[in-house]
Amino acid sequence: MSQRVARSAICLNSYNIHIEGIIKTVQSASLTGKAGRRAPFRFFRYVITCYKSRYLYKTVMDVNQQNKPGVLAVVVLGLVQILSWGGSFYLMAVMAAPIVAETGWSQQWVYGALSTGILVSGLLAPLSGRIIARTGGRMLLALSGAVMAAGLVIMGLSHSLPLFLGAWTITGVGMAMGLYDALFATLGTRYGGQARSAITSITLISGFCTTLVWPGTALLIHLLGWRDACFAIAAMMLLLVLPAYFYALPDKSLALKPRAPAARAQQSDIAPSLFWLLCAIFTLASVIMTAISVQLIALLQASGYTLASALGISAILGPCQVGSRVVDILFKRGHPIWTAFFSVGLVALGLLALALFPQFALLSMVLYGAGNGLRAIVRGTLPLAMVKPEAYAVVVGRMARPALIGQALTPVAGGYLFETLGASATLWMLCALALLNVALVMALKQRLPSAAAEPR
């Protein structure tokens, strides 16, 4: 593919040269004598050569635009994301209890280690984006498994809290290298607008993450103990992630070469007002998602449900997220701003329904789960529709920082709000944030070109 890109550049240059030749030939048609009599023949010669060059250029560019990851490559990327998320972000949901039971560390410190990893990931996200813009991202993603494996090994060897927190600092570095933001930035840089279908499909596959990872991690802990479970997951990371990315993102598939000036030109690729609107939208969505993930069971119990009922209702979130992503695949021709609008709208409706009609908690979670399922798609596809492919990685990296920092701080802030003001005030605060996000998406839609924002 790199040879095809080079040929396209050569053809474009040849095309421009021949256009200049046509202009000079037409100007020379007014000459008299021998030169004037030859001018028509020179004109037709230039026209034929120009047509050939233009045809070759168009053919090569069409091939480049059609180039995108194959079905098997997308499946591999989705499975690697399940492993990466399961070995980092979702790990503590199952592993925190046995860690607290063995070590005697407080639960706040154990969950605080996860917040530390998310915070580190957010701080490093812009650097990750710049590296992807310069290198294409293939090697960064491939090495993410080794970095997360190192964090897991140190975590399994931790007998002191500082070492445990240090392990999660290393894991946070791996999260910045290998989770959604880095992968989406790599796909957008490589394939441009053609990356949208791949991003949607990957989020569909990885939507089964908690369904697969939580029971699998629990089984490993039951069979091996939490320390050896860390070593087992680290071994899988070390053995599977690098070859999987090398297979799914081969060098020859690089359709759109990253350019060095992208990092310097980032400010000119998106207006500051649009950039900060996107940051606010993604940050609010991440804060709401994190708060619900941490406090949903407690909110449902405060609404009058038993623990068993609350767990049963919360189990509907996964299938609803996957279902909404299937619907987005079926109706993917529209501008991503509409996906964003449905995402924040459904989240707001779901939370309002839970606050106003707690007896319909199952319906409210169906709405919320569908909206939250679209959130991951919007994170990748909306910026892709607004910036050039060569600037996409840098912009996504800069946008990821406030969202991830917000995620890291949400458990602490949400827990304080819950303890201080109670479940009802916490739920209404989340409703207010969700409605604010709807207003922000509407403001973003108004600022987009009318042709781009129309449904198709």
I need the full set of residues from segment 209-235 which are more than 17 Å from A101 (Cα to Cα) and either in contact (Cβ under 8 Å) with a residue 60 or more places away in the chain or surrounded by 21 or more Cβ atoms within 10 Å (Cβ to Cβ) (or both), in order please.
C209, T210, T211, L212, V213, W214, G216, F231, I233, A234, A235
Kindly check whether there is at least one residue in segment 177-197 that is part of a helix (DSSP H, G or I) and more than 30 Å from K68 (Cβ to Cβ).
no
I'd like to check something: does segment 282-295 contain any residue that is touching a Phe, Trp or Tyr at 6+ places or on another chain (Cβ under 8 Å), buried (at least 22 other Cβ atoms within 10 Å of the Cβ), under 30 Å from P402 (Cβ atoms) and at pLDDT 85 or above?
yes
Total residues in segment 117-157, condition in a loop (DSSP other than H, G, I, E, B) and modelled with pLDDT of 95 or more:
1
Conditions (1) on the phi > 0 side of the Ramachandran plot; (2) at pLDDT below 90: number failed by A97
(1)
For segment 326-339 the number of residues that are in a helix (DSSP H, G or I) and at pLDDT 75 or above is 5
Anything in segment 64-120 that is out of contact with any Leu (no Cβ under 8 Å at 6 or more places or on another chain) and under 18 Å from P243 (Cα atoms)? List them, or say none.
G70, V71, L72, V74, V75, V76, L79
Determine, yes or no, whether T381 is β-branched (V, I, T), touching a residue at least 60 places away in the same chain (Cβ under 8 Å) and part of a helix (DSSP H, G or I).
yes
If we keep just the residues of segment 303-325 that are over 20 Å from G345 (Cα atoms) and in contact with a helix residue (DSSP H, G or I) (Cβ under 6 Å, 6 or more places away or on another chain), which is modelled with the highest pLDDT?
S303
Only one of (1) in contact with a helix residue (DSSP H, G or I) (Cβ under 8 Å, 6 or more places away or on another chain); (2) farther than 21 Å from V344 by Cα; (3) among the polar types (S, T, N, Q) fails for T420. Which number is that?
(1)
On the given criteria, is S128 of a type outside the set (A, V, I, L, M) and over 23 Å from G188 (Cβ atoms)?
no
Search result, residues across segment 302-346 that are more than 23 Å from the chain's Cα centre (by Cα), without any contact (Cβ under 8 Å) to a residue 40 or more places away in the chain and surrounded by 16 or more Cβ atoms within 10 Å (Cβ to Cβ):
A310
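The values are calculated or read from the model by the stated rules, or taken from the named source; none is laboratory data. This one's a predicted model, so the numbers in the text were calculated from it and none came from an experiment. Here the Cβ is made from the backbone with ideal geometry for all residues, glycine too, and neighbour counts use every protein chain on show.
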